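S.K.: Dumping the structure here so I can ask a few things about it.
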Amino acid sequence: MNKSQLHGKLGQSGKGLRGALAGMLGAMLLCIPVPALACTLYAAQGTAVADGGTIAAKNRDWRPQEQSLHLAEPRQPGGYRYYGLYGGPFERHQLRGGVNEAGLVAYSAAVSSVTKKQKAAAAEAHPPVQGTLRKVLERYATVKEAVHHPELFRGVRFVMLADRSEVAWIEGGLNGEVRIERRQNGVLAHTNHYLSTDLAAQNEKYYESSHKRYDRVMELLQTQKQYTLADFIRIGEDQTAGPVNSLWRTGDETSHTQTVAQMVVWLRPDGDFTVYVKYRAAADAAGHEQTVRLTKQEIFDNITPQ
């Protein structure tokens, strides 16, 4: 893919017949009952990374929909530019994960272990912060800076942050709680149920796929002493647990949730980084995903955002 194709105006990549078909398919799928949606987040840091630094990854599991990659300018003067994966009904893409020019990665994941009624009540009692990923990537250079503002993570959500020296996952609870797990060496992962001791009681329902994916990704993160970018890509493509419960999900007649993108960032100790993204540009592009591999310089120095 030509690098200049990676940066379009938000909402423009869905136009034409291909975009119309994607939108129609997305609308039809919204009418079909499906299990809880999901994502898998995983990272390695320090001695767990060959050549050092941090590797942070997200497998995005969702209903098939249009997606795109964009380099975004900060909304406030002095903020950081960031490169992100966007998805959603066409003309309404939202940021699902990204990395800023300072080398901070931010990913999100859904909380699928609580009911819609619980989420609605929580949102009414403790209004969630909107645009959390965007605000984090625009404002902060490190995990340490970001977690000093726990108010940004309120809401029923999971977030993973990473920089070249630290990784963290953050859980937003039903009652406005924010729990943070930080690690400066080793591995870390999260799926779609609460892991922190005191918030685990809020797991109202057992979401089998979330538990199986968490167990599998942690198993794979403990099979060797050090990992590379290629290892993390391979982990994200694991399909040993079948179409619904694998890390790379293809879905079946019981679940239309599928893995629609994989984003992996290796943050090197010297501040440079490499971004790998495998994603569907259109909802119906399963098996025809686009693959992008770019360095920090190629994203932020050599390409002008449109």
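S.K.: Can you list the HN-Hα couplings for region 203-211, worked out from phi with the Karplus curve (6.51, -1.76, 1.60; θ = phi - 60°), rounded to whole Hz and with x for Gly and Pro?
M.R.: 6, 5, 10, 8, 9, 4, 4, 4, 5
S.K.: Of 209, 38, 162, which is farthest along the charge dipole of the chain in the positive direction, counting Lys and Arg as +1 and Asp and Glu as -1 at C-beta?
M.R.: Highest projection toward the positive end goes to 38.
S.K.: May I pose another question? For the chain, what is the relative contact order in percent, using Cα pairs closer than 8 Å and at least 6 residues apart in sequence?
M.R.: Value for the chain: 24 percent.
S.K.: Cα gyration tensor of the chain, axes a ≥ b ≥ c as square roots of the eigenvalues: rounded (a/c below 1.5), prolate (a/b > b/c) or oblate?
M.R.: It is rounded, given that a/c, with a ≥ b ≥ c, falls under 1.5.
S.K.: Per-residue HN-Hα couplings for region 66-75, Karplus 6.51 cos²θ - 1.76 cosθ + 1.60 at θ = phi - 60°, whole Hz, x for Gly and Pro?
M.R.: Going residue by residue, I get 5, 9, 7, 10, 9, 9, 10, 8, x, 7 Hz, with x marking Gly and Pro.
S.K.: Residues with amide H under 5 Å of residue 111's amide H, sequence separation 5 or more or different chain, H placed in the peptide plane at 1.01 Å from N; which?
M.R.: When sequence neighbours closer than 5 places are left aside, the close amide H contacts are 158.
S.K.: At each listed q (0.11, 0.13, 0.22 Å⁻¹), what is the log10 of I(q)/I(0) that the Debye formula gives for region 146-249 modelled as equal alpha-carbon point scatterers?
M.R.: Those come out to -0.38, -0.54, -1.26, one per q.
S.K.: Mind running the shape call on region 59-115? Use the C-alpha gyration tensor, a ≥ b ≥ c as the square roots of the eigenvalues: rounded below 1.5 for a/c, prolate if a/b tops b/c, oblate otherwise.
M.R.: prolate
S.K.: Taking the Cα centre of region 3-300 as the origin, how large is its charge dipole in debye, to the nearest 20, when only Lys and Arg (+1) and Asp and Glu (-1) carry charge on their Cβ atoms?
M.R.: So the magnitude is around 520 debye.
S.K.: May I pose another question? Tell me the label-point distance for the pair residue 225, residue 181, using the 7 Å Cα-to-Cβ offset, in nm and rounded to one decimal.
M.R.: Here the modelled spin labels are 2.5 nm apart.
S.K.: What shape does region 165-306 take by its C-alpha gyration tensor, where a ≥ b ≥ c are the square roots of the eigenvalues and a/c under 1.5 counts as rounded, a/b above b/c as prolate, and the rest as oblate?
M.R.: Oblate is the answer for region 165-306, as a/c is 1.5 or above yet b/c matches or exceeds a/b.
S.K.: Which value in deg cm²/dmol, rounded to the nearest 500, describes the helix-derived mean residue ellipticity at 222 nm for the chain, given -39,500 (n - 2.57) per DSSP H run of n ≥ 4 and division by the residue count?
M.R.: -6000 deg cm²/dmol
S.K.: Go through region 246-306 and name the GluC sites (Glu not before Pro) that are in a DSSP coil and have 13 or fewer other Cβ atoms within 10 Å of their Cβ.
M.R.: Filter output for region 246-306: 253.
S.K.: Moving on to the next point. Residue-wise, which Karplus ³J(HN,Hα) couplings in Hz belong to region 167-178, taking 6.51 cos²θ - 1.76 cosθ + 1.60, θ = phi - 60°, and x for glycine or proline?
M.R.: 10, 7, 10, 10, 10, x, x, 5, 10, x, 5, 9
S.K.: For a quick check: with amide H placed at 1.01 Å from N, whose amide H comes under 5 Å from residue 49's, ignoring anything fewer than 5 positions away on the same chain?
M.R.: For residue 49, the qualifying residues are 227.
S.K.: Which order do peptides 97-106, 52-61 fall in by mean Cβ count within 10 Å, highest first?
M.R.: Result, highest mean first: 52-61, 97-106.
S.K.: Any chance you could run the full-extension gain for residue 205 through residue 145? It's 0.36 nm times the residue separation minus the Cα-Cα distance, nm to one decimal.
M.R.: Difference between extended and current length: 18.2 nm.
No value in this document is a laboratory result; all are computed from the given coordinates. This is a predicted model, so every value here is computed, not measured. Cβ: placed from backbone, ideal geometry, glycine included. Neighbour counts: every protein chain shown.
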